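Notes follow once the structure below has been shown.
The values are calculated or read from the model by the stated rules, or taken from the named source; none is laboratory data. The structure presented is a predicted model; accordingly, all values stated were derived computationally and were not measured. Virtual Cβ from ideal backbone geometry, glycine too; neighbours counted across all protein chains shown. Please note that ligands, DNA and RNA were not included when accessible areas were found on the heavy atoms of the full protein model with its side chains. Shrake-Rupley method; radii C 1.70, N 1.55, O 1.52, S 1.80 Å.
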Amino acid sequence: MPASLKLDRISKSFGTTKVLDEVDVEIRAGEFVSIVGASGCGKSTLLRIIAGLETQGAGHVRLDEVVVDAMAPRERNVAVVFQNYALYPHMTAFENIATPLATSRLSLYERLPVLGRLSRRRAKIRAGIAADVAAVAAQLRIEALLDRKPGQLSGGQRQRVALARALVRRPSLFLMDEPLSNLDAQLRVHMREEITELHSRLGATFVYVTHDQVEAMTMSDRIVMMDKGRVAQIGSPSDLYDRPATIAVARFIGSPAMNFLPAAADSSGALFHADRRLPVDTDRAGPVVVGLRPENVAIGPVYEGAALVGRIRRVEHHGHDRLVHLDLQSPLGGMLSARVSATDALSDPAEGCFVAVDFTGPAHVFDGDGLRRTSKVVRLGFGRIDTAAEAAE
Ligand SMILES: Nc1ncnc2c1ncn2[C@@H]1O[C@H](COP(=O)(O)OP(=O)(O)OP(=O)(O)O)[C@@H](O)[C@H]1O
Ligand SMILES: [Mg+2]
């Protein structure tokens, strides 16, 4: 049975450094949740606290509504897979997978190689263990590798053995800490699919730590984005993509990354970049940062009164579309990238050209504290945009 997990105001300090600050997360039974965030933001520490490998300074961990703070890792029925697999190098894959079962099912005496034979129940238990290992090996398609030692396996195969070892105890909660980061790009994509498939087959609860936003976006039901020991946002991949709660989330989620333009809102909420009126309004006056995804930036021929003009610095070809990097021709300088599809009017932009820049989708507005503000794009597509001077007339 999958377990639900509730983290209730978890805090943790190492010495005087606070690494987790009142982390509240609720995960439903059977969910696949990723924990993402920059290096050092506390992901592994949080995972270790859930597993019982680390003690929190304050707060509670609940599994199926039961507080497990005082329980040892073994008692929590939680499996952990780490980045470095931690397989025993002198044991075969079979022995690596069977070890957790042997430890829990056989007594210390029964595990002794010679004396253990005197135990009547040992043969029966061993047969049960072998059957369980065979079943999990079939699930992960590693039946043919069971006699090999870790040194005789590829990275992806080792990863599967580590997963099998975690799986074999039928945990109700799976914790994974960057399990794919040692694999090459192609294998990562493949293992990503395997883990997603495994999740739907097992129906267990998965908590998956990664700093790779693509992994989080493609695999998860929901994502917990952490920033400096705090939860910045919890939501579905599209929640975080479409409505990032903070500028840190906006920076982290999405590839190619979001563009950011410094701007200021006047008393009516109209936004200006230097003296240029941007086609965006917000709710109150003050300095802001405007975030624009490259697919929501359009480029076209320069026209009189264009709010933003850029000079094409570089064009990256990505097959079905192109990423055009622009140097903004504004007193504030800055760069912007636009995603241009091959069917766009200006489908073959040349480096060095000047182009008008416009917005074709949502603009995200963040205040001085990096928090999302309400905003509205007042006009999409190309057209005349008044300068500050004209707007004041
Ligand atoms: N045992 C420890 N003693 C002291 N500081 C620690 C210890 N473990 C972790 N830290 C610190 O706590 C912070 C959070 O570490 P943690 O390993 O949880 O980060 P992370 O988000 O997993 O990072 P990464 O993406 O690099 O794995 C870091 O600043 C780290 O240096
Ligand atoms: Mg880590």
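For the residue pair residue 60 and residue 152, what label-to-label distance in nm results when each label sits 7 Å from Cα along the Cα-to-beta-carbon direction?
Going from the residue 60 label point to the residue 152 one covers 5.1 nm.
What angle, in degrees between 0 and 90 and rounded to the nearest 10, separates the Cα long axis of helix 185-202 from the longest principal axis of the Cα atoms of the chain?
With both axes taken from Cα atoms, the answer is about 60 degrees.
How big is the gap, in Å, between the Cα center of segment 263-281 and the Cα center of segment 242-258?
A separation of 21 Å, based on Cα centres.
Between residue 320 and residue 102, how high is the FRET efficiency from 1/(1 + (r/R0)^6) when r is the Cβ-Cβ distance and R₀ = 56 Å? Nearest 0.05.
0.60
Using the Cβ atoms and a cut-off under 10 Å, what net charge is assigned to the surroundings of residue 141, where Lys and Arg are +1 and Asp and Glu are -1?
Once positives and negatives cancel, what remains is -1.
Looking at segment 257-392, what % of the alpha carbon pairs are farther apart than 27 Å? Show your work: numbers first, answer last.
On the way: 1435 of 9180 pairs.
Counting every Cα pair in segment 257-392, those more than 27 Å apart make up 16 percent.
Efficiency by 1/(1 + (r/R0)^6): what FRET value for residue 369 and residue 53, r their Cβ-Cβ distance, R0 = 41 Å, to the nearest 0.05? Please report the intermediate quantities before stating the final value.
Working: r = 34 Å, r/R0 = 0.83.
Calculated transfer efficiency: 0.75.
When the Cα centres of segment 349-372 and segment 34-99 are compared, how far apart do they sit, in Å?
Between the Cα centres of segment 349-372 and segment 34-99 lies a distance of 42 Å.
Just how much of residue 12 is accessible, in Å², when a 1.4 Å probe is used and the result is rounded to the nearest 10?
Around 30 Å² of this residue is reachable by solvent.
Taking Cα centroids, how far is segment 103-156 from segment 286-300 in Å?
For segment 103-156 versus segment 286-300, the Cα centre distance is 57 Å.
Whole number in Å², please: accessible area per residue of segment 5-242, 1.4 Å probe, ligands, DNA and RNA not counted.
Per-residue value: 47 Å².
On full extension of the chain, what length is gained from residue 228 through residue 118, given 0.36 nm per residue of separation minus the C-alpha to C-alpha distance?
34.0 nm
Rounded to the nearest 500, what is the 222 nm mean residue ellipticity of the chain from helices alone, with -39500 (n - 2.57) per DSSP H run of 4+ residues and division by all residues? Don't skip to the end; give the middle numbers.
Working: 9 runs with 95 residues, N = 393.
Mean residue ellipticity at 222 nm (helix-derived): -7000 deg cm²/dmol.
Which whole-number value in Å² is the accessible area per residue of segment 257-392, probe 1.4 Å?
46
How large a share of the accessible area of the chain, in percent, is made up of carbon and sulfur atoms when the probe is 1.4 Å and the other protein chains stay in place?
Result for the chain: 52 percent of the exposed heavy-atom area is carbon or sulfur.
In the neighborhood of residue 4, defined by Cβ-to-Cβ distances under 14 Å, what is the net charge if each Lys or Arg adds +1 and each Asp or Glu adds -1?
-1
Based on the Cβ-Cβ distance of residue 71 and residue 238, what FRET efficiency does E = 1/(1 + (r/R0)^6) give at R0 = 41 Å, to the nearest 0.05? Before the final figure, lay out each step's value.
Working: r = 36 Å, r/R0 = 0.88.
Once rounded, the FRET efficiency stands at 0.70.
Hey, quick one: spin label on residue 29, modelled 7 Å out along Cα-Cβ, who in segment 161-192 has an amide N within reach, i.e. under 17 Å?
Output list for this probe position: 170-174.
Measuring from the lowest to the highest alpha carbon on each principal axis, how far does the chain reach, largest first, in angstroms?
Largest to smallest, the principal-axis extents are 98, 45, 33 Å.
DSSP beta bridges in the chain, what fraction antiparallel, as a percent rounded to 5?
Just about 80 percent of them are antiparallel.
Looking at the chain, how many pairs of lysines come closer than 15 Å at the Cα, when each pair is eight or more places apart or spans two chains?
Close lysine pairs under the 15 Å cut-off: 5.
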